[in-house]
Amino acid sequence: VPAVLELLGDGDDVLDLACGQGVLARELARSGRKVVGVDISAELIRLAREEEVREPLGIRYLVDDATTLAQLADASFDGVACNLALTDIDDLDSTFRRLCRVLRPHGWFTFATVHPCFATPHARSVEVEGRTLMQVGRYFEEGRWYGDNPEGLRGRLGSLHRRLSTILNALVEAGCRIECLAEPRGGKDIVDKVPVYGEVAEVLVVRCRRA
Ligand SMILES: C[S@@+](CC[C@H](N)C(=O)[O-])C[C@H]1O[C@@H](n2cnc3c(N)ncnc32)[C@H](O)[C@@H]1O
């Protein structure tokens, strides 16, 4: 979330795309923005609304599909932010086209995603000569993959892997110009828990702009 906040553009009206329980939406609202959060999960939107009752920040939450954004008017946002949701959304091309539709001209889109070069269908940390390194494979196999633990989140839901070029080309195809990338190094708290994030980037953050 801090890495996304660092790469935002200007303007008051911001959409949190695939907002889940509203973690990013609340940070955006606390920084003074007028926020709408959309998510396909009615249950997560219910939890987000509960939080809005506990701490009113003026956030409007809607159940909607990122691939259609049927409830949102054209050119109604200065920016769209999206935290760690692209690997859960089936149709990236439609999503990028729809979010360009709801952006005002020159509006920005900032997203964080698990890094596509390191969170591949085969990625595991291995000990090599006293260092914890990432072993990466199956990079070219795009599509849904499932984690080894059938009880875990990714074991049950899976995750959609796409190559870096697929993601960036889809943005360009939708009419976005890429402005800025970040690959933040894990802080001490993260690296202490998952040492390999001191070696490779956990997330990729991108800001682009609609023509
Ligand atoms: C890993 S969660 C991230 C949630 C939130 N952005 C956060 O940072 O906590 C991924 C989210 O994507 C949502 N999602 C998946 N497909 C979607 C779609 N087609 N349209 C809208 N939301 C979708 C899920 O319901 C889930 O809330």
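Would you call GLU127 more than 17 Å from the chain's Cα centre (by Cα) and either under 17 Å from ASP90 (Cα atoms) or touching a residue at least 12 places away in the same chain (Cβ under 8 Å) (or both)?
Judged against the criteria, GLU127 is not a match.
Do you know which residues across the stretch 63-96 are within 13 Å of the ligand (Cβ to nearest atom) and either charged (D, E, K, R) or surrounded by fewer than 16 Cβ atoms within 10 Å (Cβ to Cβ) (or both)?
Correct list: VAL63, ASP64, ASP65, THR68, ALA70, GLN71, ASP88, ASP90, ASP91, ASP93.
Any residue in the stretch 171-182 that is in a strand (DSSP E or B) sitting within a Cβ distance under 8 Å of a residue that is surrounded by fewer than 14 Cβ atoms within 10 Å (Cβ to Cβ)? List the pairs, counting only those 6 or more apart or interchain.
If the second residue must be surrounded by fewer than 14 Cβ atoms within 10 Å (Cβ to Cβ), the pairs left are CYS176/ALA211; ARG177/ALA211; ILE178/VAL172; ALA182/GLU6.
Would you be able to say whether some residue in the stretch 134-147 is of a type in the set (Val, Ile, Thr) and touching a strand residue (DSSP E or B) at 6+ places or on another chain (Cβ under 8 Å)?
Yes, some residue in the stretch 134-147 is of a type in the set (Val, Ile, Thr) and touching a strand residue (DSSP E or B) at 6+ places or on another chain (Cβ under 8 Å).
Filter the stretch 19-48 for residues that are of a type in the set (Lys, Arg), surrounded by fewer than 19 Cβ atoms within 10 Å (Cβ to Cβ) and within 14 Å of the ligand (Cβ to nearest atom) and give the result.
Matches in the stretch 19-48: ARG46 only.
Does PHE118 qualify as being in contact (Cβ under 8 Å) with a residue 40 or more places away in the chain, closer than 22 Å to LEU8 by Cβ and crowded, with 19+ Cβ neighbours inside 10 Å?
No: the conditions fail for PHE118.
Readers should treat all values here as calculations from the given coordinates under stated rules, not as data from a laboratory. In this text, all values refer to a predicted model and were calculated from it rather than measured experimentally. Note: ideal-geometry Cβ built from the backbone for every residue, glycine included; neighbour counts use all protein chains shown.
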